[in-house]
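Student: I have a structure here, written as structure tokens, and I will follow up with some questions on it.
Bear in mind these aren't lab numbers, they're just calculated from the coordinates by the rules spelled out. The shown structure was predicted, so the numbers you read here are calculated from the model rather than taken from an experiment. As a convention, Cβ positions derive from the backbone with ideal geometry for all residues, glycine included, and neighbour counts pool all protein chains shown.
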Amino acid sequence: MKTSTKKLCRRAMLLAAAIIMGYIEAALPISFGISGFKIGLANLVILTVMRCEGLGTALLINILRILLLQLLFGNIYALCLSLAGGICATFAMYVALKLPSVTAVGASALGGSVHNAAQTVAAALIMSTAGIIKLLPILLVLGAACGILCGIAAAKCTDLLLRTPLFDKK
Amino acid sequence: MFKKGDFVIIFAIIATAVISAFLLYGSGGSAVVLTLDGEEYGKYSLLYDRNVKIETENGSNTLVIKDGAAFFTDSDCPDKLCEKSGKLTKKGDAAVCLPHKLVAEVV
């Protein structure tokens, strides 16, 4: 149990950033006519965490973010859907970043699509209706499009953060 | 900022979306329309399993919707041609019960 103060600071700051992103997202009226659709700003933070800190911290911060946000603003269904999407997307982005010549942009596009696909399947299972699956093609494309934008932003964030003293790993 | 791998991933996602769109909207119909004596009797989604009992002045039929297919059972007509039409799944598939002036068509 030896967490350096610097590490603690980094994680606390990133978790706070992830929660704020979720809050901003909930306030943005962008939904493309699909209830509950989000542009994935929180994913921007998770991707940044993954590249600065690694898979473990990214998963930890994503799960904590979802638990805190859903406790504050959500309900049990939203919690299940968010967890399904968030965990699948985090692993998908981790795998994508391991592939040759894939940058944050490609990883984020895949993350967005996988997040939406996992949520759609989870929603279909929880509500036991197959009808919602019909949204899958449009959600895949929207997820990728939003993911590309967030990926570009995340790449910039990572470059800037890694230059600050707080993220200097010495 | 973009590298080759990014384009491969984005292309793969779009391909998946197009293929899933074809599978979801392509050959399989989404609903079955019942027409009784030339007038629309009802429209039922193929996504939800249910039994529809149709009473006509000439007799009764039951339309069963199960696992994305619709078919007639329990027709009290003499020839039972509508039951022999089998399972309706694709757009344009139809079963006709002439004695009852009843038509089921997938749209």
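Student: Given contacts defined as C-alpha pairs under 8 Å and at least six residues apart, what's the relative contact order of chain A, whole-number percent?
Tutor: Details: 209 pairs, mean separation 39.2, N = 170.
For chain A, the relative contact order is 23 percent.
Student: While we're on this one: Hey, what angle do you get for helix A:76-98 against the long axis of chain A, alpha-carbon based, 0 to 90 degrees rounded to 10?
Tutor: With both axes taken from Cα atoms, the answer is about 60 degrees.
Student: Less than 14 Å Cβ to Cβ from residue B:12, Lys/Arg counted +1 and Asp/Glu -1: what total charge do the surrounding residues give?
Tutor: Working: positive: B:4; negative: B:6.
That works out to 0.
Student: What list of ³J(HN,Hα) values in whole Hz, one per residue of segment B:47-58 in order, does the Karplus curve 6.51 cos²θ - 1.76 cosθ + 1.60 (θ = phi - 60°) give from phi, with Gly and Pro shown as x?
Tutor: My calculation for segment B:47-58 gives 7, 10, 5, 6, 10, 10, 8, 10, 9, 10, 5, 9 Hz in order.
Student: Would you mind classifying chain B by shape? Square roots of the alpha carbon gyration tensor eigenvalues, ordered a ≥ b ≥ c; an a/c under 1.5 is rounded, otherwise it is prolate if a/b is larger than b/c and oblate if not.
Tutor: Prolate is the answer for chain B, as a/c is 1.5 or above and a/b outweighs b/c.
Student: Taking the Cα atoms of segment B:1-64, what is the range of coordinates along each of the three principal axes, in descending order and whole Å?
Tutor: 70, 22, 16
Student: Shifting gears a bit: For chain A, find the longest principal axis of its Cα atoms and tell me its angle to the long axis of helix A:104-126, 0 to 90°, nearest 10.
Tutor: Relative to chain A, helix A:104-126 is tipped by roughly 40 degrees.
Student: Would you please give the residues with an amide H less than 5 Å from that of residue A:103, counting only those at least 5 places away or on a separate chain, with H modeled from the backbone geometry?
Tutor: Distant-sequence amide H within range of residue A:103: B:3, B:6.
Student: Further question: Counting only other residues whose beta carbon sits under 12 Å from that of residue A:82, what net charge do I get with K and R as +1, D and E as -1?
Tutor: Net local charge, residue A:82 excluded: +1.
Student: For chain A, what percent of Cα pairs sit more than 23 Å apart?
Tutor: Everything past 23 Å amounts to 36 percent.
Student: Quick one: 3J(HN,Hα) in Hz for segment A:56-67, Karplus 6.51/-1.76/1.60 with θ = phi - 60°, rounded, Gly and Pro as x.
Tutor: x, 5, 4, 5, 4, 5, 5, 5, 4, 4, 5, 4
Student: What is the sum of charges around residue B:74, taking Lys and Arg as +1, Asp and Glu as -1, for the other residues whose C-beta is under 15 Å from the C-beta of residue B:74?
Tutor: Value of the local net charge: +1.
Student: What chymotrypsin sites (Phe, Trp or Tyr not before Pro) in segment B:38-96 are in a loop by DSSP, with at most 14 other Cβ atoms within 10 Å of the Cβ? Please report the intermediate quantities before stating the final value.
Tutor: On the way: sites: B:41, B:44, B:48, B:71, B:72; in loops: B:48.
Here the chymotrypsin sites (Phe, Trp or Tyr not before Pro) that fit, given the DSSP loop and packing criteria, are B:48.
Student: Also, quick follow-up: Identify the GluC sites (Glu not before Pro) of segment B:39-107 meeting these criteria: DSSP loop state and at most 11 other C-beta atoms within 10 Å of the C-beta. Mind dumping the intermediate values first?
Tutor: Numbers: sites: B:39, B:40, B:55, B:57, B:83, B:105; in loops: B:57.
Answer in residue order: B:57.
Student: What number, rounded to the nearest 500 deg cm²/dmol, is the helix-based mean residue ellipticity at 222 nm of chain B, given -39500 (n - 2.57) per DSSP H run of at least four residues and division by all its residues?
Tutor: -7500 deg cm²/dmol
Student: Next question. Which chymotrypsin sites (Phe, Trp or Tyr not before Pro) in segment A:66-170 sit in a loop by DSSP (not H, G, I, E or B) and have at most 13 other Cβ atoms within 10 Å of their own Cβ?
Tutor: Nothing satisfies the criteria.
Student: Also: Which angle from 0 to 90°, rounded to the nearest 10, does the C-alpha axis of helix B:4-25 make with the longest principal axis of chain B?
Tutor: Roughly 0 degrees between the two axes.
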